[in-house]
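Since every read-out is calculated from the coordinates, none of them should be taken as a lab result. Model, not experiment: these values are computed from the prediction. FYI the Cβ positions are ideal-geometry reconstructions off the backbone, even for glycines, and counts take in every protein chain you see.
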Amino acid sequence: MLLAVMLIGLAVAMPSSALAGSKRDARVAYVLKNLKLKSDVQEKFRPLLDAYLKELSDLKDPYKKLKDELQDAIDANKLTAAQCDQLFEAKQKQEEKEPAVNRKWYAKFKTVLTTQQAYKAMKLSDDKL
């Protein structure tokens with residue numbers, strides 16, 4: 001219980017960029033653990049994976065930021081028509097760009113991984129943690 005309170009306190013005290021970085025670090029560790037790569041391949045792949053996850057996070061940030069700003073209205077079911085449009089458009093913009101980002105990084109992953117490993121890395125990167 002004390003540990004949970006300490007972790008919550010730490011999360012509240014951390015700047016959001018540090019929190020995003022720690023989440024990304026956890027995702028990198030998860031993907032690498034499940035890929036079971038040789039150490040030399042893992043060393044080459046880690047910076048690619050981290051850069052991919054950062055680019056993906058940066059792509060999702062505008063929608064997340066807007067959603068966070070409007071969270072009270074969302075929870076109270078009191079979004080205005082304009083706010084609904086804003087959220088919808090921000091999400092669509094994000095989803096339109098994601099396939100190109102994924103294709104770009106899948107190709108880069110294949111420069112250091114086998115095609116099967118690159119595919120698995122993309123799948124693992126998308127897992128809910």
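Against the 2.2 N^0.38 Å scaling, with N counting residues, where does the range 16-125 land? I'd like the Cα-based Rg ratio to two decimal places.
Cα Rg divided by the expected 2.2 N^0.38 Å: 1.29.
Between TYR119 and LEU79, what's the calculated FRET efficiency when r is the beta-carbon distance and R0 is 35 Å? Round to 0.05.
Calculated transfer efficiency: 0.35.
Mind giving me the nanometre distance, one decimal, between the label points for GLN92 and ASP68, set 7 Å out from Cα along Cα→Cβ?
Reported label-point gap for GLN92 and ASP68 is 2.5 nm.
Relative contact order for the range 16-125: what percent, with Cα pairs under 8 Å and sequence separation of 6 or more? Don't skip to the answer; put the middle values down first.
Working: 54 pairs, mean separation 45.2, N = 110.
Relative contact order for the range 16-125 comes out at 41 percent.
Could you please rank ARG27, ARG103, ARG46, placing first whichever residue has the fewest other Cβ atoms within 10 Å of its Cβ? Spell out each step's value before the answer.
Values: ARG27 20, ARG103 11, ARG46 16.
Result, fewest neighbours first: ARG103, ARG46, ARG27.
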